[in-house]
1. In what sequence, highest mean first, do 164-175, 61-72 appear when ranked by Cβ atoms within 10 angstrom?
2. Cα atoms only, the chain: Rg and Dmax in Å?
3. For the chain, modelled as a GNM with alpha-carbon contacts under 10 angstrom, which of 98, 297, 392 fluctuates the most?
4. Using a 1.4 Å probe, how large is the accessible area of residue 375, given in Å² and rounded to the nearest 10?
5. To test your reading of the geometry: what angle, between 0 and 90 degrees and rounded to tens, separates the Cα axis of helix 267-279 from the longest principal axis of the chain?
6. Once phi is turned into ³J(HN,Hα) by the Karplus curve 6.51 cos²θ - 1.76 cosθ + 1.60 with θ = phi - 60°, what whole-Hz value does each residue of segment 160-174 show in order, with x for glycine and proline?
7. Before rounding to the nearest 500, sum -39500 (n - 2.57) across all DSSP H runs of length at least 4 in the chain and divide by the residue total; then give [θ] at 222 nm in deg cm²/dmol.
8. Please list, in order along segment 20-27, the HN-Hα scalar couplings obtained from phi with the Karplus expression 6.51 cos²θ - 1.76 cosθ + 1.60 (θ = phi - 60°), rounded to whole Hz, x for Gly and Pro.
Amino acid sequence: MTALTITGGTLVDPVAGTVSQGNVACANGVIAEAASDTAQTINAGGLHVAPGIVDLGAFSIDIPAFTAGGITRVALMPDQSPAIDEPAMVQHAAAAGKPAVWIHPIAAATQGLNGEDLTEIGLMQRAGAVAISTGRIRIADSGLMHRLLRYAAALDLMVIAHAEDEGLSRHAVATNGETATRLGLPSAPAISEAMAIARDIMLAEETGAHIHFRIVSTARGFDLIREAKARGVHVSCGITPGHLLLCDVDIGTYRTFAKLSPPLRSAEDRDAALAALADGTIDVICSGHDPQGPEAKRLPYADAEPGMSGAETLLALSLNLVREGHIDMARLFALLSRNPATLLGVDGGSLSAESTADLVIFDADAPWRVDTMAMASSAGNTPFDELPVQGKVIHTIKGGQSVDRPPSR
C-alpha cells in the first residue's frame, strides 16, 4: 500500500474542535505520526483537509455520488429490494462498495419492513449490521416497538426510527399550511412528527435503548428531543440540508424534486431546525440520498415518489451553515463525520494518529452551480437544481488511497 502525505492544508479536527494549518501523513491505511520519505504527496495549499464524511442513512448504493461528495462510509437503510432483513442480505450489502466506499448495512427491524414481525436482530448484528431501523415508516404497534427496543438495548444496538404518525400522515404529501392549501395537496399537520417522537422517546426511556430519529424537521420535535436529552434519555437525531435550508414554499408550482420525506415544513420550523443545530440538539447532518429517476418524479406531485439525490451536494450545501454563522467548521465535521461514526460504532471522524485514513480534501470557496444533468449520481433529482454554491471536493481519500472522482455525466 502506497504511503501518502498531504501538505500545507487547513486541517479540520472535529475531535479537538480546531481548524489549523498542517500536514497529514498516511501509511498502511491509517494516519501516521510522521511522513515517509517515499510517500506520494498532495499539495493541499489553499484547501481544507477533514475526516471523510460518514453518511448515516442513505437509501441507495451510489458510489460515484459518494466519492464525488467526499463520503467514505455510508450507513445503508434497509429499504432495498429485497429488504435487508436477514444475515445474508447484510453481508451482501456490506461488500457492495469496497474499496472506494465502505457500506455499513442497517438491518430491517421487521420482516420485509412490514411493521409486524421482528427479524433475527442478533444474527444480523453478528453478520455486520451497525444498527436496526423501521425504514421509511414507523412501527405503529407500540407493543412491537417496545419489544424491538428491549432487544436492541440488550444487544447495545441503535434503533433508527421514522418520525411520522401514520394515522395523520399516511396519505399526505405536504405539511398543513398555506402552500398545501393553495396547491390543493393532501397534507398532514406538523404535529404528526412530534406525536411519533413522543411515543418512541417514552419507550426508549422505559427500555434504556438508544433511539435515533433519522430526520427531525419540526420545532415540537426538537423540543421533545432537547427535553429528553436533558433527562438523560439515550436519544439522537439527524437532519438533511434540504430540511435545514428549504421550507414548504419551495414546492413552488408542484416541483416534485422538492417532494421529500418527511415533507418540507414551514419557515418557522426551518428556523427552529437552525436553532437546534446551533444548540447541539441535532447530532448528525445526513444526505438523505434517495435518487429517483424521471419515471418516479415526472408525475403529478401527489403521485411522485419522495426523495432527493443528496450525496454529491451534502458538503457544499452544509458549508452554507458555516458561512451564515450557525456553526463553525469543526462543528460541521462533527455533524458530518465524527458524530455519525461514533453513533454507528465505526472508524472515522478523526485526524489523530492511528485513526483510519479516510479524508476529504476540499476547496471551501470554489464556486459552482448545481446541475441535475451533470451530476455523478445515478439520478439528478435535487431541489437545489441551478443553485450557485461554494465548496467543491478535490480529493476523496479512502484508507490512505486517493479515490478517483468519476467524470460528470
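1. Packing proxy ranking, top to bottom: 61-72, 164-175.
2. Answer for the chain, Rg first and Dmax second: 20.4, 66 Å.
3. The residue with the greatest mean-square fluctuation here is 98.
4. Here the residue's solvent-accessible area equals roughly 10 Å².
5. Between the helix axis and the principal axis of the chain, the angle is about 50 degrees.
6. 9, 10, 8, 10, 8, 6, 5, x, 9, 9, 3, 10, 7, 10, 8
7. Mean residue ellipticity at 222 nm (helix-derived): -8000 deg cm²/dmol.
8. Karplus-based 3J(HN,Hα) across segment 20-27 equals 8, 7, x, 10, 10, 9, 10, 7 Hz.
The values are calculated or read from the model by the stated rules, or taken from the named source; none is laboratory data. Quantities reported herein were computed from a predicted structural model and do not represent experimental measurements. Positions of Cβ are generated from backbone atoms using ideal geometry, with glycine treated the same way; all protein chains shown enter the neighbour counts. These area figures cover heavy atoms from the full protein model, side chains too; ligands, DNA and RNA do not enter into them. Shrake-Rupley method; radii C 1.70, N 1.55, O 1.52, S 1.80 Å.
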